[in-house]
Amino acid sequence: MSSKITVLNHGPLQVEAGAQVCDAAGKIFTSTEGKPIFLCRCGQSANKPFCDGAHRKAEFKSEVAAS
Ligand code: FES
């Protein structure tokens, strides 16, 4: 299985549907069947590892591009 993760500008990581998000022990938080999920990369979410939209209030700025 190959899953795509997209780094969204000024926001979270978008994990393509079909992936599993697990904790360090391998326990599954959730699977992404049917819809993508969003992982926080700003550090401000109250629901880590998931994005809760707090990056907007925090005015998180990060724009990256693959080279
Ligand atoms: S990226 Fe959305 S809350 Fe951190």
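The values are calculated or read from the model by the stated rules, or taken from the named source; none is laboratory data. Note that this is a predicted model, so its numbers are computed, not measured. Glycine gets a Cβ as well: all are built from the backbone with ideal geometry, and neighbour counts include every protein chain shown. Just so you know, the surface numbers come from the protein's heavy atoms only, side chains and all, with ligands and any DNA or RNA stripped out. Shrake-Rupley method; radii C 1.70, N 1.55, O 1.52, S 1.80 Å.
A few comments on the model shown:
- Solvent-accessible area, 1.4 Å probe, carbon plus sulfur percent, for the chain: 50
- Across all directions, the average flat footprint of the convex hull enclosing the Cα atoms of the chain is 5.3 nm².
- Cross-link reach is defined here as a Cα-Cα straight distance under 14 Å, omitting same-chain residues fewer than 8 places apart; for Lys35 the aspartates and glutamates meeting it are Glu16.
- Å² per residue, accessible surface of the chain at 1.4 Å: 72
- A Förster distance of 35 Å, applied to the separation of the beta-carbon atoms of Val7 and Lys27, puts the FRET efficiency at 0.90.
- Qualifying GluC sites (Glu not before Pro) in the range 13-60, DSSP loop, other Cβ atoms within 10 Å at most 12: Glu33, Glu59
- Top of Lys48, Lys35, Lys27 by mean-square fluctuation, Gaussian network on the chain, Cα under 10 Å: Lys27
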